[in-house]
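No value in this document is a laboratory result; all are computed from the given coordinates. Small disclaimer: the values here were computed from a predicted structure and weren't measured. Cβ coordinates were reconstructed from backbone atoms using ideal geometry, including for glycine residues, and neighbour counts include every protein chain displayed.
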Amino acid sequence: MTTTPPGKTIIHHSRDDTESSQISGYNACGSWSQDLTYYGIDVANQMGPFVDSVATCSQYAKFRCNGASGVGSCNQAQDRSGIAIPYWAGGNSVNKCACGIAGTCVDGRTDCNCNKNDNVWRIDEGYFTDKSLLPIKKFLSGGTGTAGNSAYYTVGPLECEPVLILINYDRVIVGHMHG
C-alpha cells in the first residue's frame, strides 16, 4: 500500500520569495526593518491558532550578505509575536544557522556564513520549523553602514500540512493548496 502525501496549505505574504531591496547604509542593529503582511490576516489572532492546529509548518528564509554583520547579532527575523528569533533559518540554537548545525560554515570559528563579516558575498539559508514561532512577522537588519557592506533577505510563504481550508471574507484568495 502506498500513501499519498496530504498536500500543503501555502499562505503567501507581501514579500513572497522576493529578494528585498539592497540593505546598505544602516549601521545600527535593527535600524532597517521590513514587515511581512499576510494579505489581510491578523498574524497574532488568526495565524497563530491556524499554525497551532496543523501537524507541521515551515518557512524558508535566506540572508545574502557582503561585509554585513552576521545573522543573530544585527540581522534577525521576528516571530508571530514580534519577538526576535535568536537563530537563523535551519539553525536551532542561539546565533546558529544551518551551516553551524551541520559544521559546514566557511569559517570554522563562526556559526553562520555571514558571521565571517568579510567582503565576499555569502549566504545563510534554511527553514524555520518551530511552529510556535511561525509565521515570520518582520525582518530586522543593520551592520551595513560601512561603504561596500550590504545585504538582502528573502522569506518564502508559510507552508503547513495537512491541507486546511482557510476562509477570510476580506480576501477571496488567502493561500492555495498544493499537492
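Quick notes on this one:
- Over all projection directions, the Cα-based convex hull of region 1-89 averages an area of 7.9 nm².
- The GNM of the chain, with springs linking C-alpha atoms under 10 angstrom apart, assigns the highest mean-square fluctuation among Ser141, Ser150, Ser53 to Ser53.
- Shown for Ile85, Ile101, Ile23: other C-beta atoms within 10 Å of each C-beta, ranked fewest to most, produce the order Ile101, Ile85, Ile23.
- The ellipsoid that matches the Cα gyration tensor of region 13-178 has semi-axes, each √(5λ) in whole angstrom, of 29, 17, 12, with the longest given first.
- In the chain, taking the dipole from charged Cβ atoms about the Cα centre, the farthest positive-side position among Gln22, Gly156, Gln59 is held by Gln22.
- Of Lys131, Lys137, the sequence from fewest to most neighbouring Cβ atoms within 10 angstrom is Lys131, Lys137.
- Computed on the Cα atoms alone, the convex hull of region 95-137 gives a volume of 89 cubic angstrom per residue.
- Fraction of alpha-carbon pairs over 17 Å apart in region 57-97 - percent: 26
- Whole-angstrom gap from region 31-73 to region 102-156, using each part's C-alpha centre: 14
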